[in-house]
Structure formats: C-alpha cells, structure tokens
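Undergrad: Here it is: the structure, laid out below.
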Amino acid sequence: MRRIICAILAVLLLALPLAGCQKQEELTKVRLYEVTHSVFYAAQYIAMEQGYFADEGLSIELTNAGGADKAMTALLAGQADIALMGPESSIYVYNEGREDFTQVVGQLTQCDGAFIVGREPDADFTLEKLRGKSILGGRAGGIPLMTLEYALRQAGLTPGVDVNVRSDVQFNLMAGAFAGGEGDYTTLFEPSATDMELEGKCYVLASVGELAGEVPYTCYQVRKSTLEDDSELVERFLRAIYRAQRFVAESDAATVAQALAPAFSDTSVETLEKVVERYRSIDAFACTPIMQKEAYERLMDIMEQAGELDARAPYEQVINNSVAEKIVSEG
C-alpha cells in the first residue's frame, strides 16, 4: 500500500509543473507599444505588476517605441496589438483616408505630463523667461510639442519668434541632449526630470500640463479591424487598466510608489513617491478610460493652432468609447 501511495504522489508531483506550464500557455499575449517609459503611465505598470492583466488571461509584451510616430508605425504594420500614445496619431491616420484606420479605445492621462526644466533653480520662473531662449520641445506634430506651444501662446509668446522651440531632437533623447549642453531649457517626463534634478543636472521649474490645462494626452489605440474582430481582447485589456486606475485613485502616493517599484528598478521608491505626488498635484491621471468629447475638441483646437491639422476628424470615428463605457458601467 505504501508503494502505491508513493507512486501516486510521484505522479502528482510530476504533474504540477505541467499544470503550471499549461496555465501559462493559456495566457493571451498582447504586444503593447508605449510612447515612452514614464511614471505618467502609472496605471499601466500597476496592472502589469499587480497581476491585473494576468487575471484577465493576458500576458503583456511591452516595447518602448521612443515616440508616437514609431508606436503608430508598429500598430499599422501589425507589430503591435495596442499602442499607448497621443490621440493626435489616430487623427492623422483617419485624415489620411485609410480604410483600416486606428481608434482610441481608452484614455490613460488627462494633461501634458512633461515638466520644463532649466540649468539653474528659479523659484520665480514664468514662461516669459523663455523669451529669446531655446527649449527642446519634442517631435514636430507630436502632442508634447503642440501643448508646449499652446501654453506659450497662452502666455503671449509666439513659438519660433519669441522662443526657439526646437523639434530636432528625438523625444527619447532629449534628457541626454540637454545634459550634454543642448538648449537653454527642455521638457522632460518623469522620472527622468526628478532623477536628473537629484543628480544636479537640472532643476524642475514648471508643469506644462498645469500651464496648458486639460488635454486627452495619452490613450490606448487599436486598429479598427482589431476592435471589430477581437473586441473581447480589448475589453479584457481595458478592464485591467480601469482596475489599476482605481488603485491609483484610491491609494496614497507611498502605496502607489511601492507598486510601481518593479517597473522602475533604477529609481528609488522615495523618488517614485515624489513623482506620483507631483503628477497628482496637476491632476494628470485619468480616473476612467472614457474620453469626453469636449476634451477631444480641445485637442483639435491645439492642433489647429499648431498648424498640424488639415481637417477636424469626427469624434465618433476616432474615439470609440463602447468598450470603456461597458467596463465602467460594470463598476
């Protein structure tokens, strides 16, 4: 009898790794491209690190595209299933007349996440101090550059006339370029801004998001065909994101920082907590994935002022809230 029991136990023990592998194989891989790696996208990393995606049967393969143009290229080429970037990208694609255009299915942030940094501390900084100076602003046609220029115009400064707003440095190379002596000022996302400040390489002076106001800044986008053929995948993805959005909204900064730590191994938890507080102070994190029409129209106003919009794209075509609204209604 003892031999029989031992044999049964041996078989069960051998089966355990196989069961684990089978469970892993059941996860559906999602190729997710992000425009950059930033605490600005806190809910996304929390959904990954807290297992929210896994709970929905998803395995995330995350790629840092280093710019919205590259993220959109990957999405259109079928290299990405979902891309996180500025919604202006889908407006451009729609206006090109593509049959399988891209749509925004979920909003993650609701203002510009960049901060203006300089080489010297300046407690009395105003945008007027940029007059006659140069600032690295990002890629032409990208939402970071357009919101910065919008904020400058609101302050009575004309980009290219009063301020040299440079668009010749790639988005993901701006921190290094500034540290190397390029520009009088630059805009940086977090945690890069705080990390460089702690190293004594720059000083955070102002928030572009606070200066420019509410904008649907970073959103999840998919090809129209993906939403038509596999809406369940999008639903599972956004359910995990919405769960993480609520976690961010309901938890204190220290708790959020601890949850983010594995995704930012080169940044201390203390710095992450400071960054979370900084983003909260400008109301950067969207609480639901639903994008409001008023915010979308304001984005197109900004694009028109920047001279980057040939025609206004219909909200009903570019923004598809059907999945986000379903998830939010479930509570």
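The values are calculated or read from the model by the stated rules, or taken from the named source; none is laboratory data. Computed from a predicted structure; not experimentally measured. With ideal geometry, Cβ positions are generated from the backbone for all residues, glycine too; neighbour counts draw on all protein chains shown.
Undergrad: V204 - would you say it is buried (at least 23 other Cβ atoms within 10 Å of the Cβ), touching a residue at least 60 places away in the same chain (Cβ under 8 Å) and at negative phi?
TA: no
Undergrad: Follow-up question, since we're still on this one. Residues that are closer than 23 Å to E277 by Cβ and in the same structural domain as E235 (by TED's automatic domain parsing): find the strands (runs of 3 or more DSSP E) completely inside region 29-117 holding 1 or more of those. So that I can check it myself, show each step before the final result.
TA: Numbers: elements: 58-64, 82-85, 102-109.
In region 29-117, 82-85, 102-109 are the strands (runs of 3 or more DSSP E) which contain 1 or more residues that are closer than 23 Å to E277 by Cβ and in the same structural domain as E235 (by TED's automatic domain parsing).
Undergrad: Checking the structure you have, find out if any residue of region 155-169 is crowded, with 22+ Cβ neighbours inside 10 Å, part of a helix (DSSP H, G or I) and outside the structural domain of T36 (by TED's automatic domain parsing).
TA: For region 155-169, residues crowded, with 22+ Cβ neighbours inside 10 Å, part of a helix (DSSP H, G or I) and outside the structural domain of T36 (by TED's automatic domain parsing): absent.
Undergrad: Given (1) more than 21 Å from G142 (Cα to Cα); (2) outside the structural domain of V165 (by TED's automatic domain parsing), identify the lone condition not met by Y203.
TA: Status for Y203: all satisfied but (2).
Undergrad: Take the conditions assigned by TED's automatic domain parsing to the domain that holds A193, under 24 Å from P216 (Cβ atoms) and in contact with a Leu (Cβ under 7 Å, 6 or more places away or on another chain) and apply them to L145. Does it pass?
TA: Here the answer is no, as L145 does not meet what is asked.
Undergrad: Here's something else I'd like to know. For region 170-188, name all the residues that are in contact with a Leu (Cβ under 8 Å, 6 or more places away or on another chain) and surrounded by 19 or more Cβ atoms within 10 Å (Cβ to Cβ).
TA: M174, A175, F178, G183, Y185, T186, T187
Undergrad: Residues T271, T255, T267: which one is surrounded by 14 or more Cβ atoms within 10 Å (Cβ to Cβ), on the phi < 0 side of the Ramachandran plot and not in a helix (DSSP H, G or I)?
TA: Values: T271 fails: not in a helix (DSSP H, G or I); T255 fails: not in a helix (DSSP H, G or I).
None of the other options fit; the residue is T267.
Undergrad: Can you list residue pairs whose Cβ atoms sit under 8 Å apart, with the first residue in region 292-308 being charged (D, E, K, R) and the second being outside any loop (DSSP other than H, G, I, E, B) and surrounded by 15 or more Cβ atoms within 10 Å (Cβ to Cβ)? Count only pairs 6 or more apart in sequence or on different chains.
TA: Matching pairs, first to second residue: K293/Y315; K293/I319; E297/Y315; E308/E88; E308/M146.
Undergrad: Taking region 189-244 only, how many residues are of a type in the set (V, I, T) and either out of contact with any helix residue (DSSP H, G or I) (no Cβ under 9 Å at 6 or more places or on another chain) or assigned to a helix (DSSP H, G or I) (or both)?
TA: Qualifying residue count, region 189-244: 5.
Undergrad: When only residues in region 298-324 that are part of a helix (DSSP H, G or I) and under 20 Å from the mean Cα position of the chain (by Cα) count, which is surrounded by the fewest Cβ atoms within 10 Å (Cβ to Cβ)? Write out each step before concluding.
TA: To start, the set of residues in region 298-324 that are part of a helix (DSSP H, G or I) comprises 298-305, 315-318, 322-324.
Within this subset, residues satisfying the condition of being under 20 Å from the mean Cα position of the chain (by Cα) are 298-300, 302-303, 318, 323-324.
Details: R298: 17, L299: 25, M300: 19, I302: 21, M303: 23, V318: 25, V323: 24, A324: 25.
Looking at residues that are part of a helix (DSSP H, G or I) and under 20 Å from the mean Cα position of the chain (by Cα), I get R298.
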